[in-house]
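Since the structure comes first, as C-alpha cells, the remarks are kept for the end.
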Amino acid sequence: MNDFSAAQRSRVTMLDVAEHARVSKASVSRFIGDDRALLSEATALRIEQAIAELGYRPNQMARGLKRGRTRLIGMLVADIRNPYSIAVMHGVETACRQHGYSLVVCNTDRDDEQERQHLALLRSYNIEGLIVNTLGHHRDELHELHREMPMVLVDRKVEHLDSDLVGLDNPAAVELALSHLEERGYRDVLLVTEPFDGTSSRIERVSSFKSGIAQRPVLRGALSETGSDLAFNLKHFLSTTGAGPKALFCANGVAALASTQALRDLNCNLFEEVGLIALDDLDWYPLVGSGITALAQPTADMGAQAFECLLRRLRGDDGPARTMDFAARLVVRGSTLGNLR
C-alpha cells in the first residue's frame, strides 16, 4: 500500500518506474502492454512492485493511440435533457462496458454550431466508431467521418448517409395508437408534436397519423405543435364541436409533458374531458391522474442494438446498410378509458 495522492500519481512517469525497478523503459512498456510474456518472472515482479510503490497509472489514451486502438466510442445526441435520449444512451453505455469500450457523449443542444464543434472534438479523441442521434445538418462532416470509421444512426435518418439505422417502427406505433383510441370510443384526435426541424422520425409519425386518419372514416384528426400556441390550440380543440369524444395523441415525451401542463393551466378535468395517449413511457406517466396510456419504446434494447451494429462493423462487416425497427408496446392506463368508464 502507498500513500501517494492522486496528483502525485499523475506525475509518475514510465521512466520513474523503470529507474525504481532497475529495468529499461522498454521492459516497463512491455509489462503494461501486450508483451508481458516476453519478460522474466523476476523482472515482471520488480516492475509490478515499483508500479504499486509509486502509484503509477498508465496513460490509457496514449497506449491506445500507439496501438491504433483507443476503445472509445463516440455518441452525438441532439438533446440530452430528452428522457428518450438518456434511456438510449444508457443502453449504449451498458453494451459498451460489457465489451470493454468507453463511451464519449456530446450534446449538441439542438444547435448546429455545437454539432459542428462536437464532431471535430470527437475526431480529435480518435474514437473508433460513432453513434448519431441528432439533426444531421452537418452532412459533409458526417459523410467525411463515415469514410474514416463505422457509424450508426439512432431514431433519425441523415439524408444520403448510407449507414445502419436503429429506431422505432413509427408507422406501426401510430397504427397501434389510433386503433386503441378508436376501440375506446374516441372520434376526435389531436396529434401534438414538437416543431418540425427536419427530424425524420417526427415527419414519419405525422405522415403515418394523417394516412391512418384517412383510412378511418369514423375518426377526425388535427395537428398542433408544442410552443407558445399550444394552449390556444388545445382550448380551441376542446371547445369545438367534433365527431365525438376527444383525445390527444402526443408524439413523444416532450409533447406529453407540454400537453399535460397546458391542460392543467386550462383547468381541464384530465382524462374526463379529453383522453390522452403518448409515445414513450416515462416514469411520471403513472403519477398523472389515473395514469397516461403509453406506447413504450424498448430504449435500452435500441441502445444496445446500436452498439452491436457498430461492433460488427468494427470487426469487419462490410455488408449493405441495415435498418432495424423496433416495435412499440401498448401500456394501457386510465387516460384512455373512453366510453368504457
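Per-structure values
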{"read-out": "Residue within region 225-232 that is in contact with a Leu (Cβ under 7 Å, 6 or more places away or on another chain) and either outside any loop (DSSP other than H, G, I, E, B) or in contact (Cβ under 8 Å) with a residue 12 or more places away in the chain (or both) present", "value": "yes"}
{"read-out": "Residue that is surrounded by the fewest Cβ atoms within 10 Å (Cβ to Cβ), among those in region 188-218 that are out of contact with any Phe, Trp or Tyr (no Cβ under 9 Å at 6 or more places or on another chain), farther than 18 Å from Asp169 by Cα and of a type in the set (Asp, Glu)", "value": "Asp197"}
{"read-out": "Among the residues listed as Glu175, Glu159, the single one being in contact with a helix residue (DSSP H, G or I) (Cβ under 7 Å, 6 or more places away or on another chain), modelled with pLDDT under 95 and over 19 Å from Ala258 (Cβ atoms)", "value": "Glu159"}
{"read-out": "Where a residue in region 77-94 is farther than 20 Å from His118 by Cα and its partner, wherever it lies, is among the aliphatic types (A, V, I, L, M) and in a loop (DSSP other than H, G, I, E, B), with Cβ under 7 Å and at least six apart", "value": "Pro83/Leu282"}
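The values are calculated or read from the model by the stated rules, or taken from the named source; none is laboratory data. The structure presented is a predicted model; accordingly, all values stated were derived computationally and were not measured. When we count neighbours, we look across all protein chains shown, and the Cβ atoms used for this are built from the backbone with ideal geometry, even at glycine.
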